[in-house]
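Colleague: Handing you this structure, nothing more for now.
We did not get these values from a lab; they are worked out from the coordinates using the rules stated. Bear in mind the structure is a predicted one, so any value in this text is a computation, not a measurement. In this analysis, Cβ positions are derived from the backbone assuming ideal geometry, glycine residues included, and neighbour counts consider all displayed protein chains.
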Amino acid sequence: MQHKNKVIVIGIDGATFDLILPWAKEGKLPTFAELLKEGTCKYLQSVPPYNSAVDWVSIYTGKLPGGHAVFDFLKVDKQKGIRFINSNDIKSEVIWVRLLRYGKKIILINVPLSFTSEIMTTNSIVVSSFEKSEREIFTYPPELTYRLRENGYIMEALDKPFVRGDENKLISRIQTSLEKRQEVALKLMTLYEWDFFFVIFTETDRLQHFFWKYNEDKTSRYRNVLLNHYRKLDDFIKKIIERIDENTSLFIISDHGFGPLEGEFHLGAWLYKIGLMKYRPSWYKWLIETKFTQQEILNTLKKCKISRVFRNIFGNNYYIDKLTLPPYIKYRHINQLESHAFPGGYATIYINTSSENYEHLRRLLIKKLEIIKSPKDKKKIFNSIVKREEIYKGPYISEAPDIIIKNGEYDPMGGVGYSTLFDLKPLKTGTHREYGIFILWDRSKKKKIKKEARIVDVYPTILRVMNLPIPSELDGKPLF
């Protein structure tokens with residue numbers, strides 16, 4: 001039985017036209033080349049701070065973060081503290097819940113924050129993302145979990161901290177993860193009826209973070225790692241096209257783009273250094289200033305092969321939290337009551353001060369951030385620093401970080417426990433960029449899109465393709 005106006009969405013975390021376009025032109029990605037010629041393609045503008053949690057949720061709610069209340073992988077409450085986000089933190093309706101109300105059948109694979117009670121219906125098949133672990137029931141229906149385990153399905157390819165010398169192991173695990181996810185996607189879309197099929201491949205993001213620099217290095221044995229990965233995606237998309245009919249539209253999207261990384265800047269260390277952030281207990285001040293924290297020690301060890309010895313001794317969790325010395329300093333060790341400001345998880349700062357001093361302190365921090373320069377070339381390291389109300393809108397804007405940094409070739413890292421401001425030789429060599437990809441293809445006439453494409457426009461565009469009503473409260477608009 002054929003269903004009219006079906007949609008399949010392939011999410012490729014971190015996919016970028018900077019790689020796809022030249023490789024397609026050279027004939028190395030034939031399926032992408034066909035899609036670029038026959039489909040509708042646009043750069044897809046993401047939402048700062050170019051974070052997967054923020055951007056994927058913005059895609060499938062059709063709203064900016066002020067409308068869905070997810071601003072990072074961390075949930076920051078200036079009174080209650082900081083924790084990891086979960087699906088209950090999304091305060092706006094996601095697209096698949098709306099589709100279920102219309103009686104549509106859905107399949108979701110590896111879609112972050114999708115595993116909720118709302119999807120547990122006879123019309124749903126769901127394979128969870130990071131909010132579940134492989135030790136739990138991570139699918140609906142539950143029995144699917146056991147079948148995936150038997151088949152060697154991997155939920156997260158980067159299951160332990162990466163260290164130098166682990167390149168081959170990471171490549172192998174990412175390849176297995178990609179192949180298993182592709183295999184499951186093809187089986188589920190063949191065995192079950194569906195109207196909306198959404199699969200996200202996160203492996204691209206993980207690989208680009210650590211192998212970006214090798215792409216232009218003709219002497220490196222890892223030079224073709226990214227190309228080979230995109231070729232596997234290209235082949236998978238070809239198989240998808242072969243299986244869908246004239247009533248099905250194919251979306252290929254990414255949550256953000258990617259580019260080279262020159263270094264990392266530790267916001268926590270900077271805020272501590274200028275006297276705006278404090279730790280508890282008070283003796284942590286000595287640990288920070290003497291660089292005797294686990295973060296500082298392990299950051300050094302990770303850059304040399306001795307770190308592998310530590311991991312062999314302590315196992316995968318070689319951050320050795322169980323040891324009392326040296327401590328691993330966490331967000332809960334920030335003295336929020338006495339701190340005027342503290343970092344979020346990535347590229348954000350929260351201000352904790354009275355309303356009388358709030359705006360003055362925010363302007364001061366922005367000015368200070370704008371003049372920070374790289375020790376390498378003395379150039380400014382950030383593209384721009386903005387206030388939350390300049391880019392967000394909606395009922396939850398009061399929960400947003402007070403300052404958002406648009407990164408360039410330096411990552412503004414939010415982690416605490418560091419005393420050094422810069423890491424000029426980070427393990428990562430690639431980082432997120434503002435523009436991802438948008439491709440829409442079907443067997444009908446090519447769509448004409450005149451406007452710029454934003455990630456919040458994906459939701460209403462899918463509804464337009466499926467001939468369903470588009471809610472007026474969305475921040476996004478259909479692209480045609």
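Colleague: Go ahead and run the numbers for FRET between TYR146 and ILE274, Cβ-Cβ distance against an R0 of 41 Å, rounding to 0.05.
Modeller: That gives a FRET efficiency of 0.15.
Colleague: Rounded to the nearest 0.05, what FRET efficiency do GLU242 and PHE480 have when you use their Cβ-Cβ distance and R0 = 25 Å?
Modeller: 0.45
Colleague: Right, here's the next one. For segment 88-215, give the share of DSSP beta bridges that are antiparallel, in percent and rounded to the nearest 5; count only bridges with both residues there.
Modeller: 20 percent
Colleague: Which lysines, if any, have their Cα less than 18 Å from the Cα of LYS450, not counting same-chain residues under 8 positions apart?
Modeller: LYS37, LYS42, LYS477
Colleague: Have a look at LEU250, ALA341, ALA453 and report the one farthest towards the positive end of the charge dipole of the chain, computed about the Cα centre with Cβ charges (Lys/Arg +1, Asp/Glu -1).
Modeller: Working it through, the farthest residue towards the positive pole turns out to be ALA341.
Colleague: Another one. Roughly what would the spin-label model give for ASN228 and GLU179, points 7 Å off Cα along C-beta, in nm?
Modeller: 1.1 nm
Colleague: Same structure again: Could you tell me which residue out of ILE391, PRO48, HIS432 lies farthest along the dipole of the chain toward its positive end? Charges go on the beta carbon: Lys and Arg +1, Asp and Glu -1, centred on the Cα centre.
Modeller: HIS432
Colleague: Shifting gears a bit: If the chain between GLU118 and LYS160 were fully stretched, how many nm would it gain, using 0.36 nm times the residue separation less the Cα-Cα distance?
Modeller: Between GLU118 and LYS160, full extension yields 12.0 nm more.
Colleague: Additional query: How far, in nm, would the chain grow between ASN383 and LYS132 when pulled straight, counting 0.36 nm per residue and subtracting the alpha carbon separation?
Modeller: In short, 86.9 nm is gained.
Colleague: Now for a separate question. Suppose each label sits 7 Å from its Cα in the direction of the beta carbon; what would the ILE297-ASP235 distance come out to in nanometres?
Modeller: Simple spin-label model gives 4.5 nm for this pair.
Colleague: Excluding GLU338 itself, calculate the net charge of residues whose Cβ lies under 13 Å from the Cβ of GLU338, where each Lys or Arg counts +1 and each Asp or Glu counts -1.
Modeller: Overall, the nearby charge balance is +4.
Colleague: Moving on. Sort 55-64, 451-460 for me by packing, meaning the mean count of neighbouring Cβ atoms within 10 Å per residue, highest on top.
Modeller: Going by the mean number of other Cβ atoms within 10 Å, highest first, we get 55-64, 451-460.
Colleague: Using the crude model of +1 on Lys and Arg Cβ and -1 on Asp and Glu Cβ, and no other charge, please compute the dipole size for the chain relative to its Cα centre, in debye to 20.
Modeller: It works out to roughly 760 debye.
Colleague: Moving to a separate point now. Over all directions, how big on average is the projection of the convex hull of the alpha-carbon atoms in segment 372-415, in square nanometres?
Modeller: 3.8 nm²
Colleague: Using a 10 Å cut-off on Cβ atoms, rank the peptides 375-383, 413-421 from the highest mean neighbour count down.
Modeller: 413-421, 375-383
Colleague: What FRET efficiency do you get for ILE371 and LEU424 if R0 is 22 Å and r is their Cβ-Cβ distance, rounded to the nearest 0.05?
Modeller: 0.75
Colleague: Please compute the volume of the convex hull spanned by the alpha-carbon atoms of the chain and report it per residue in Å³.
Modeller: Per residue, the Cα convex hull of the chain comes to 153 Å³.
Colleague: By counting other Cβ atoms within 10 Å of each Cβ, how are THR348, THR219 ranked from fewest to most?
Modeller: THR219, THR348
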